[in-house]
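The block underneath contains the structure these notes are about, expressed in structure tokens.
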Amino acid sequence: MAAITPEMNQILRRLPQAERERLYPHLRLVSMPLGAVIYESGARLRHIYFPTDCIVSLLYVLKNGASAEIAVVGNEGAVGVSLFMGGETTPSRAIVQSSGQAYRLTGARLTQEFERHGEMLHALLRYTQSLITQMAQTAVCNRHHALEQQLCRWLLLSLDRLGGDELRMTQELIANMLGVRREGITEAAGRLQKLGVIRYARGRIKVLDRPRLEQLSCACYFAVKSESDRLLGTG
């Protein structure tokens, strides 16, 4: 198994050598187990996380406890952007969707780096713009597109942030992410399986035909991917 390094996160990998040497000693590698809550809605943020091989879902939580995913973050980005956007709290919850690891940096150290006006500042601002695009597109998708299209979009975005063609994910968790009933996910996943697009068994979803999955998805996936590629060079 390959060793985890900061370069597995695309923001950290693109930093100039001088910034790497300054920041890397302050990064702490932490475990990101499935279902772990990285921060809760309304809680004060103290760290920013740079995922290496995990996926974190950002969920908007209502007063009655209901929630829906507004964005997914993987090795292309960072979790905790509110920390450097002027607000130390956020109305969203961050929960690990696919287990792995991430590098954590304190808010104080991040602030020191920002004051240098180096590449870290510019990289995180570009990433935040791509994240805002993803949130806006997710809202449009949830309102106007069929559940099967939403599921295809969600699978594609998740796979892009992991690499490979397999996810470990229960239908119940997917339903919570998309803010729909589990029965709806069961039906949509069943149709995709009958078409030979995915294989789902025992909490594992394997994509068998990615081109077909992209065809069945809505334009929202491509809008998010295009903006991410433009801003972050992830294409």
Out of 151, 131, 27, a Gaussian network model of the chain with alpha-carbon springs under 10 Å gives the largest mean-square fluctuation to 27
What is the calculated FRET efficiency for residue 230 to residue 62, with r their C-beta to C-beta distance and R₀ = 41 Å, to the nearest 0.05? 0.80
Set of aspartates and glutamates with alpha-carbon distance to residue 206 below 18 Å, sequence-local pairs under 8 removed: 53, 148, 160, 165, 166, 172, 187, 214
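Give me the number: length gained by fully extending residue 222 to residue 28, i.e. 0.36 nm times residue separation minus the C-alpha to C-alpha distance, one decimal in nm.
Taking residue 222 through residue 28 to full extension adds about 66.5 nm, to one decimal.
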Given charges of +1 on the Cβ of Lys and Arg and -1 on the Cβ of Asp and Glu, with all other atoms neutral, how large is the dipole of the chain about its Cα centre, in debye to the nearest 20? 340 debye
Quick check for me: using +1 on Lys/Arg Cβ and -1 on Asp/Glu Cβ, what's the dipole size of the stretch 143-224 about its Cα centre, in debye to the nearest 20? 140 debye
Value of relative contact order over the chain, rounded to a whole percent, pairs C-alpha under 8 Å and six or more apart: 21 percent
Specify whether the C-alpha gyration tensor of the stretch 52-174 places it in the rounded, prolate or oblate class, a ≥ b ≥ c being the square roots of the eigenvalues: rounded for a/c under 1.5, otherwise prolate if a/b is larger than b/c and oblate if not. prolate
Does the stretch 112-168 come out rounded, prolate or oblate, given a ≥ b ≥ c as the square roots of the eigenvalues of its C-alpha gyration tensor, rounded meaning a/c under 1.5 and, failing that, prolate meaning a/b above b/c? oblate
Can you tell which of 233, 198, 139 lies farthest toward the positive end of the dipole of the chain, using +1 and -1 charges on the Cβ of basic and acidic side chains (Lys, Arg; Asp, Glu)? 198
By the gyration tensor of its Cα atoms, with a ≥ b ≥ c the square roots of the eigenvalues, what is the shape of the chain: rounded for a/c under 1.5, prolate for a/b over b/c, or oblate? prolate
FRET E, pair residue 199, residue 145, Förster distance 25 Å, beta-carbon r, rounded to 0.05: 0.60
Which of these, 180, 79, 56, has the largest mean-square fluctuation under a Gaussian network model of the chain (Cα springs below 10 Å)? 180
Can you give me the Cα centroid spacing of the stretch 9-56 and the stretch 163-211 in angstrom? 28 Å
Once the other residues with Cβ under 12 Å from the Cβ of residue 106 are scored (Lys, Arg +1; Asp, Glu -1), what is the net sum? +3
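Quick note: the coordinates plus some simple rules give every number you see, no bench work behind them. Worth saying up front: this structure is predicted, and the values here are computed from it rather than measured. Note that each Cβ is placed from the backbone with ideal geometry, even for glycine, and that neighbours are counted across all protein chains shown.
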